[in-house]
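As structure tokens, the structure follows; a few thoughts come after it.
The values are calculated or read from the model by the stated rules, or taken from the named source; none is laboratory data. Small disclaimer: the values here were computed from a predicted structure and weren't measured. With ideal geometry, Cβ positions are generated from the backbone for all residues, glycine too; neighbour counts draw on all protein chains shown.
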Amino acid sequence: MHQDFHIDYRHSAGNLHIQLSGTFNLMCAWALYKTIKQQNAGSGRIFVNTKGLTKVITGDAERFKGYMVQGRMPPDWLYFKGEKGLAIAPNGSRVLICKTPDRRRREPFPTLKPCGSKPHRFLLPDHKRRKRWAKH
């Protein structure tokens with residue numbers, strides 16, 4: 001296995017979550033296949049997070065796909081998270097790619113300030129309060 005490659009896994013709500021990091025080569029493909037085969041309880045989904053991968057060697061990713069076909073594991077419960085999952089995922093499995101967060105996003109809740117002497121009462125900032133009352 002490549003020196004900087006590492007596999008972490010955990011079980012949560014009947015699903016297996018695997019975190020990959022480092023360079024994905026042939027030995028890493030075999031280690032991932034072996035981890036999936038040994039840790040899979042057979043009832044839940046398997047999520048493989050590829051965000052930590054620095055490089056995917058194409059021929060070795062193809063070999064992993066071959067391992068999954070030969071092992072007769074159904075790919076419909078296999079989910080790959082991240083763009084590198086496109087190179088690794090066997091046919092029939094799913095690849096989840098998350099949007100990058102928008103830096104201009106608004107805060108989910110307005111900033112609140114204390115009102116009067118009672119600490120449990122809060123008022124919205126003036127500009128937001130005016131907008132709210134203008135709608136009525």
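Quick notes
- Subset of region 8-39 [part of a helix (DSSP H, G or I), more than 15 Å from Pro90 (Cα to Cα) and of a type in the set (Ser, Thr, Tyr)]: Thr35
- Filter pass, Ser21 being of a type in the set (Ser, Thr, Tyr) and modelled with pLDDT of 90 or more: yes
- From Gly42, Gly92, Gly59, residue being modelled with pLDDT under 90, touching a helix residue (DSSP H, G or I) at 6+ places or on another chain (Cβ under 6 Å), outside any strand (DSSP E or B) and surrounded by fewer than 15 Cβ atoms within 10 Å (Cβ to Cβ): Gly92
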